[in-house]
Amino acid sequence: MKELKIAFVFVGTIIGAGLASGQEILQFFTVYGSKGFLGIILCCIFYIFFSKIIIELSIKFKFKSYKDFMDFIFGRFSLLSDIIYSFFIFASNVIMISGSATMLYEYFHIDKKIAVIFVSLIVLIISLFSTKGIIEFNSLVVPFSTLNILVLGLFVFFTQKNAFYHISSIYKPLKSNWITSSIIYSAFNIMSLVGVFTPMMDEIKNKGAFLKGSIIGSIILTIMASFINFSIMSFYPQSFIKEIPNLYIAKFYGKILPTNLLIAIWLEMISTEISDIYALSNRFKSLLKLSYRKTVFLIIAVSIPFSLISFSKLIRIIYPLYGVISLIFLIISSIKAFLIR
């Protein structure tokens, strides 16, 4: 049971609104045609391989937050990587508040400021329960999201498989570097795991549960990504130009499924936000000399005003830097894990 809950945290940390909406799968895999499926499998292998390294190093050296991991990996350069990583998580946290509030505004006509406060209160309440909160929330959200994505995939498979085979045979990939795309995508996501898994492992201290949970989580993500990839490809070219491909496809299969997917996307935004707050609070509580709960209050309070402005320019600058650090981080982690065996 513990392994499954950890698997749900694994999936919930990675899936986010981008994967649930289909946009990430489109950008990183579907554009490569049939090779996109190979990229998804390669991504799964990376998830299992690198999460094993992260788990083993975290437990062996008793890391309490991602800062400890950064210090171990980057040594004298850890301050720069810590700043960039912390900024990226904070930016992600702000964007998730803003994005989930925008969905409430667009679909339920709730004033944006009220929506931001409402979302922040939900995140605050769940985050105050720390590890238990993030585990229990993901244990509810991930099965719901997974089920609806699989149902959509099955609908598409049984109604559009001929279209998929035809499109696959004539489709000319927009890009050719599917291996690089898969590596970058997995690197970004594994780095997100470090912020959540490190403090969680310091508290739970069950290596076997984390190893099994990460494998189960990797398999769940692979199945979900494959179904989404199949669905988007089956509805080419219209699905390629939609902001939320999964929602566009779901509208062909009644009214309940699109509504469920909309709820799933919103919940995954909240899930990502909770993961970000959890990682940041465990990182800064010792620096600020505050309790975990007071740190949660402070970070959310600081995030609210920023969630009302656009972070797009900052993200365009920080993403490439974060991508480079992610790849360097994984390479050095692998080398150090090999050397200490």
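Every read-out reported here was derived from the displayed coordinates using simple, explicitly stated rules and does not represent laboratory data. Please read all numbers here as calculations on a predicted model, not as lab measurements. Cβ sites come from the backbone with ideal geometry, for glycine too, and all protein chains shown count toward neighbours.
Restricting to DSSP loop positions (anything but H, G, I, E, B) with no more than 12 other Cβ atoms inside 10 Å of their own Cβ, which trypsin sites (Lys or Arg not before Pro) remain in region 226-316? Hits after loop and neighbour filter: LYS255, LYS289. Label-to-label distance, PHE77 versus LYS161, with points set 7 angstrom from Cα along the beta-carbon direction: 5.0 nm. Listed by chain and number, the aspartates and glutamates whose alpha-carbon sits under 12 Å from that of LYS207, ignoring those within fewer than 8 places in the same chain, are GLU3, GLU56. For ASN206 and LEU290, the difference between the fully extended length at 0.36 nm per residue and the C-alpha to C-alpha distance is 27.5 nm. Gain on full extension, evaluated as 0.36 nm per residue between PHE297 and TYR105 minus their Cα-Cα distance, stands at 66.7 nm.
Between the helical axis of 2-21 and the longest alpha-carbon principal axis of the chain there is an angle of about 60 degrees. Label separation (PHE49 vs PHE338): 1.0 nm, computed from points 7 Å beyond Cα along the C-beta direction.
Can you tally the net charge around VAL11? Count Lys and Arg as +1, Asp and Glu as -1, for every other residue whose Cβ sits under 13 Å from the Cβ of VAL11. Let's see the in-between values first.
Numbers: positive: LYS5; negative: GLU3, GLU268.
Spelling it out: positives minus negatives among the neighbours equals -1.
Net length available on complete extension from GLN27 to LYS112 is 27.7 nm, with 0.36 nm assigned per residue and the Cα-Cα distance removed.
Where Lys and Arg each count +1 and Asp and Glu each count -1, what net charge lies around GLU268 among other residues with Cβ under 15 Å from its Cβ?
Local charge sum for GLU268: -3.
Need one word for region 41-175: rounded, prolate or oblate. Basis is the Cα gyration tensor (sqrt eigenvalues a ≥ b ≥ c); a/c below 1.5 gives rounded, then a/b vs b/c decides. In terms of gyration-tensor shape, oblate. Charged side chains reduced to their Cβ positions (Lys and Arg at +1, Asp and Glu at -1) give the chain a dipole of some 540 debye around its Cα centre. Note on GLU3, GLU268, GLU243: ascending count of other Cβ atoms within 10 Å places them as GLU243, GLU3, GLU268, the fewest first. Remark: region 1-111 carries a charge dipole of roughly 500 debye about the Cα centre, counting +1 on each Lys and Arg Cβ and -1 on each Asp and Glu Cβ. Between SER34 and LEU147, the modelled labels are 3.5 nm apart [label points 7 Å from Cα along Cα→Cβ].
For region 287-304, 3J(HN,Hα) computed residue by residue from phi via the Karplus equation (6.51, -1.76, 1.60; θ = phi - 60°) reads 5, 7, 6, 10, 6, 4, 5, 5, 5, 4, 3, 5, 5, 5, 4, 5, 6, 4 Hz, glycine and proline entered as x.
Grab the other residues whose beta carbon is less than 13 angstrom from that of TYR32, score K and R as +1, D and E as -1, and report the net. The partial results should precede the final answer.
On the way: positive: LYS35, LYS172, LYS175; negative: none.
Once all neighbours under 13 Å are counted, the net charge is +3.
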